[in-house]
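See below for the structure under consideration.
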Amino acid sequence: MAPPPALRLCVALLAVLLLPAAAAQQQQQEAAGECQQYTNRSCEECLKNVTCLWCASSRRCVPYPVRRILPPADLCELRSARWGVCWVNFEALIIAMSVVGGMILIMLLVCCCCCCKKKSKKQVSGPDKEDERAARERERRRVRQEERRAEMKSRHDEIRRKYGLFKEENPYAKFEN
């Protein structure tokens, strides 16, 4: 008799959830073994393996605690911990990143304040140079269009006179002679 589908699904879920955890634990144990062999050697040799952390005070090479961001104090104190490169300790890295992050935040705040001040000045001071230039351009176009309109009217009037279609002020003036 075959097991019910719900049971098969539960077994599959357990396998999917437990296998990665077991694999990670096995990988961490392997990394611990690999890192332990570099204890009492040099920092450069230890840090060739990216999963290792060098503790300068105790000259130990230990696997980096990936579940935590910073290594715990019982593993290695921050000023002695090295990871990635030997010349930067975690304490200096934290201080440097804090200073850089603070400077970036201050620069963003200054930029925001400057932008807000500029915007408020524009609204208070009235039309700016662009608005004035646009108004002058509109006025020039209007004047040119009026000139063209007057020129076209005079041409049309000439043509009307030439062919006798011009409306005179006194329509009976033709019959007076």
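Considering only the other residues whose Cβ falls under 15 Å of the Cβ of E45, what net charge follows from Lys and Arg at +1 and Asp and Glu at -1?
Net charge in that neighbourhood comes out at +3.
So for each of 114-120, 79-85, 93-99 I average, over its residues, the number of other beta carbons within 10 Å; can you give me the resulting order with the highest mean first?
Highest-to-lowest ranking by the protection proxy: 79-85, 93-99, 114-120.
When you count, for each residue, the other Cβ atoms within 10 Å and take the mean per peptide, how do 71-77, 46-52, 151-157 rank with the highest first?
Descending packing order for the listed peptides: 46-52, 71-77, 151-157.
Any read-out appearing in this document is the output of simple, stated calculations on the displayed coordinates, not a laboratory observation. Bear in mind that the values here come from a model prediction, so they are computed numbers and not experimental data. Using ideal geometry, Cβ is built from the backbone for each residue, glycine included, and neighbour counts are taken over all protein chains shown.
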